[in-house]
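Okay, so here's the structure we're looking at.
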Amino acid sequence: LGNIIVRSQIAVDPRQGCESQCSAIVDALRSLIQGLRSRGCTQPLMAGGIVIKGLVDTVKGELVYSATLPGWESVPITAFFEKELSIPFYVENDVRAVTTFELEKYRERKPKVMMCINAERGVGVGLAINEKIYYGASSGVSATHMILDPHGPLCSCGNHGCWDIMTSYEIFSQR
């Protein structure tokens, strides 16, 4: 679906606060843009996008809530990046973005239902029904905080033993 020309990766520390972390991401993006320019790319940057773990309202362009980013609630992601970079910006949930990619990749098979599950630091679910991404009633498929074991470990969402914590790499690395 495209070629990666330049890339960057930075560690995000949610304890540092969302504004400072978003500023670090902007700095990394500016560096990527410079990398493109140094390779002779003269086309204007048309838009940008960011994927993030958590409940994302793509219409408002905000991170509503993220169990893995404590304190990051109702963060106006697109407004921040549009102001800093002067281009249209889009935000999407990380697993919905993967589901969108997989849906495009397998489009010729016309999948009726496609579910992508990402289990690392918590669990994320992306769902496509009849070749369309499903956003749910509140901008998310919120199955990951369903309680499996009420006596299980404490999750960052405040529940005990929900799917998210029971299948996370932290729990598996402790076993």
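The values are calculated or read from the model by the stated rules, or taken from the named source; none is laboratory data. Keep in mind it's a predicted model, so treat the numbers as computed, not measured. Cβ atoms come from the backbone with ideal geometry, glycine included; neighbour counts cover every protein chain shown. When the accessible area is computed, the model is the full protein with side chains, heavy atoms only, and any ligands, DNA or RNA have been set aside. Shrake-Rupley method; radii C 1.70, N 1.55, O 1.52, S 1.80 Å.
Remarks
- Ranked by solvent-accessible area (1.4 Å probe, protein heavy atoms only, all chains present), the residues 145, 160, 151 order from largest to smallest as 151, 160, 145.
- Listed pairs 83/112; 60/110; 53/112; 83/105 exceeding 28 Å between Cα atoms: 83/112; 60/110; 83/105
- Over the residues of the chain, the helix contribution to mean residue ellipticity at 222 nm works out to -9000 deg cm²/dmol, using -39500 (n - 2.57) for each DSSP H run of at least 4.
- Computing Cα extents along the principal axes in Å directly from the structure and comparing it against [x] 55, 35, 34; [y] 57, 44, 32; [z] 53, 23, 19 singles out [y].
- Across 41, 162, 18, mean-square fluctuation computed from a Gaussian network of the chain (C-alpha pairs under 10 Å connected) peaks at 41.
- Within the assembled protein chains, the solvent-accessible surface assigned to residue 12 is about 60 Å², based on a 1.4 Å probe.
- Solvent exposure ordering (accessible area, 1.4 Å, most first) of 50, 4: 4, 50
- Distance between the stretch 68-141 and the stretch 31-49 - C-alpha centres, whole angstrom: 24
- In Å², nearest 10: area of residue 42 left accessible to a 1.4 Å probe: 120
- Taking the Cα centre of the chain as reference, the dipole from Cβ charges on Lys and Arg (+1) and Asp and Glu (-1) amounts to some 560 debye.
- Residue ranking by accessible heavy-atom surface, 1.4 Å probe, largest first, among 166, 46 comes out as 46, 166.
- Using a Gaussian network model of the chain in which every pair of alpha carbons under 10 angstrom is joined by a spring, one finds that among 93, 159, 130 the greatest mean-square fluctuation is at 130.
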